[in-house]
Structure formats: structure tokens, C-alpha cells
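This report concerns only the one structure given below.
The values are calculated or read from the model by the stated rules, or taken from the named source; none is laboratory data. On a predicted model such as this, the values are computed, not experimentally measured, just so you know. Because the Cβ atoms are built from the backbone with ideal geometry, glycine has one as well, and the counts that use them run over all protein chains shown. The protein model used for the area step is the full one, side chains on, heavy atoms only, and it has no ligands, DNA or RNA in it. Shrake-Rupley method; radii C 1.70, N 1.55, O 1.52, S 1.80 Å.
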Protein chains: 2
Amino acid sequence: MGDMTDDTRWLDDGEQEVWRAFITMSGALNDQLDRQLQRDSDMPYTYYEILVVLSHAPDRSMRMSELAGLRGSSRSRLSHAVARLEQAGWVRRQECPTDKRGSLAVLTDDGFAALAAAAPGHVTAVREKLFDRLTPEQVKVLGEISKAVLEGLDPDKQLPGCRNLDH
Amino acid sequence: MGDMTDDTRWLDDGEQEVWRAFITMSGALNDQLDRQLQRDSDMPYTYYEILVVLSHAPDRSMRMSELAGLRGSSRSRLSHAVARLEQAGWVRRQECPTDKRGSLAVLTDDGFAALAAAAPGHVTAVREKLFDRLTPEQVKVLGEISKAVLEGLDPDKQLPGCRNLDH
């Protein structure tokens, strides 16, 4: 498409090569991590991510709106995933005590146990597929790149946090 | 999870920080590029990617099995996407002349035109959200990282290519 006469700042050959490599790598890495979790722990990667985020949150709970903002995922997709996690007994939903509009997702003990059982296989895959392939300097630069790009992405519209959980 | 006594090579704090930043960035970047394409060109990013790959292939056609291998996407997901692209008149399917088992996806003129119309908005978003945020050195290292990780990923099982298209 690069020969069109318009104002578009097309990618040059080197940029195109970097972009194709990056987008292929990140898609394939995501797919392979998903397959490992499905195969060994019977959960998709998106569910694992939700359990991880809740496990680090105060009281292992978080507002649905905050949870959606974290991965840039839509509210409807998140609601669907959380409904499935509720069916599995890994997450429960409850009203936010300070805001009737808010709804909290809470990690259950069973959910924490499922996460703990899945974590060794997942972390081993992340180490083998990413960290073992890179030099310490490349790891450092990957962190810098990721933060620089994240800062430029449109922030998701979030409701204010559920106050009494900010401790 | 890092305090378990087992053989897992857990990520240290610095590695965890890089991993969280990377996985959040790549997920959010993908989502935002998808939203731009849906909003401005009424196609999901996965469809755009298929059109791009076909546009670069000899005769603008590729075996379905090769196409699936390129993004590590499953055959069934790809079949679904190509069926939708067929309905839109952007891709047509035909038998591979040298292999009765093979099936080719071919980009139509309408598909090429749809891609050409969508490309400026997409490339502008890629430049603004990724390249404009990075130094030339970071872009170079991102290419090296992406290739190093790709080389370590499990190759997808592919059928041999459709011979008379290798020109």
C-alpha cells in the first residue's frame, strides 16, 4: 500500500519487518500460553489472568469496572468470563459496600487453589518461551518498551474505585 | 505464588514487572487496533490480518493450512473468519490444483480495495501507538526480541505447500 500519494506516514521496510515480527510473536506467544493452560489446567489464559489480578488485589477483590480496564477488555467479555468463573466456584460476585452501582468480583479459596495449581506450568512456559530466549539487556529494554507504549494508549474509561477497598 | 518449595523457576520481581507490562501492553494494543478497524472500516483486526497476508502472497492466494500457521490460529477459527470474508466478497475459496486435499483462499479485487481503504487508518494507529512512542534503538531491539522469541515457539504443523504457487 506504500506507493499511495496521501498523508499517511507509511511504515518503511525496516519498520514493517519489526511490526510483522512483533505482532506475529505476541499473537503466537499468547496462543501457545493459552494452549498450555487449557491442556494442563483446563482454563483459558483469560481466566487465569483474572485469577492472578484478583489474587494480588486487597481482600482478593476488585470492582468489575477496574478489572475490565486492566486488560482493556470490554465489560461484556469480562462479565461472560466472570460468570464462568462463578460457575466453577472460583470467583463470587458481591455488591460494593460503598456504591450501589458497583459490583465486586472476589477470588474464593477454591479459586486461589486452582490458580496455585496452574501457576507452576504457566510460569515455566513463560520462562521457556520468553525469558530464556532473551539476554538480560533485551529483558530490560522489553520492559521499557512496554511501559512507553502503555503510557501512550488511550486510558479506559473507569468508574471511581470502591473506596473502602483502597487499603 | 513465589514462596512455594518446588522446582519451578519462578519469575523474580523485576521479571514479573517486565512480564506484566509486556502482556498488558500487547493485549491493550491489540484491542485498540481492533477497535480502530471496527469503528473506521467495519472489520475486526483478525480479518484485516488475513487480507494483508493474502495481498503479499503470490497470486494473492494461499493454502488454508499455511494461512492458519502464520498467526498460530486454529484451523476452525480461521475457517470461520474466511467464511465471513467470503460472504463479504473479499476472499474466494478454490481447490488447490496440485493437491486435492488442499484448499486455497484467494483475495478478490473487492478484498484488495477494502484493504487499501482500511490501511491508512490502521497504519496511522500503529505508528502513533507504537513507533512514535519508541526510540530508533528501541525499535531495533523490539525486532530482535520478537525474532528471538518466534524462533523458540513451537512450529505449527503444516501440510506441504501447494507447489505451483511457489513462484
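Using 1/(1 + (r/R0)^6) with R0 = 51 angstrom and r between the beta carbons of B:Thr98 and A:Thr8, what's the FRET efficiency to the nearest 0.05?
Details: r = 39 Å, r/R0 = 0.76.
With a Förster radius of 51 Å, E is 0.85.
Ignoring ligands, DNA and RNA, what accessible area per residue does the protein assembly as shown give at 1.4 Å, in Å²? Don't skip to the end; give the middle numbers.
Numbers: 17000 Å² over 334 residues.
Dividing the accessible area of the protein assembly as shown by its residue count gives 51 Å².
Output, in nm with one decimal and in ascending order, the distances from the A:Asp59 label point to the matching label points of the other copies (7 Å from Cα along Cα-to-Cβ).
Label-point distances to the other copies, shortest first: 6.4 nm.
At what distance in angstrom do the alpha carbon centres of the stretch A:29-98 and the stretch A:109-137 lie from each other?
Rounded to whole Å, the Cα centres lie 16 Å apart.
Who wins for biggest fluctuation among B:Arg20, B:Arg75, B:Arg92 in a Gaussian network model of chain B, springs between alpha carbons below 10 Å?
It is B:Arg20.
Calculate the mean, over all residues of peptide A:132-144, of how many other protein chain Cβ atoms lie within 10 angstrom of the residue's Cβ. Provide the component values of the computation, followed by the final result.
Numbers: counts 4, 8, 7, 4, 1, 1, 6, 6, 3, 10, 11, 9, 6.
Mean shielding by partner chains, rounded to a whole number: 6.
Taking each label point as 7 Å beyond Cα in the direction of the beta carbon, state the distances from B:Asp110 to the same residue in the other copies, shortest first, in nm.
5.0
Note the count of lysine pairs whose C-alpha atoms are less than 29 angstrom apart in the protein assembly as shown, limited to pairs 8 or more residues apart or on different chains.
19
Extending each Cα 7 Å along its Cβ direction at B:Arg75 and B:Gln16, get the distance between those two points in nm, one decimal.
The two pseudo-label positions are separated by 4.1 nm.
What helices does chain A hold that run 27 Å or longer along their axis, going by alpha-carbon atoms, with a Kyte-Doolittle average of 0.0 or more, using DSSP H for the helix calls? Mind dumping the intermediate values first?
Numbers: long enough: A:13-41 (41 Å, -0.95); A:109-129 (30 Å, 0.11).
Helix filter hits for chain A: A:109-129.
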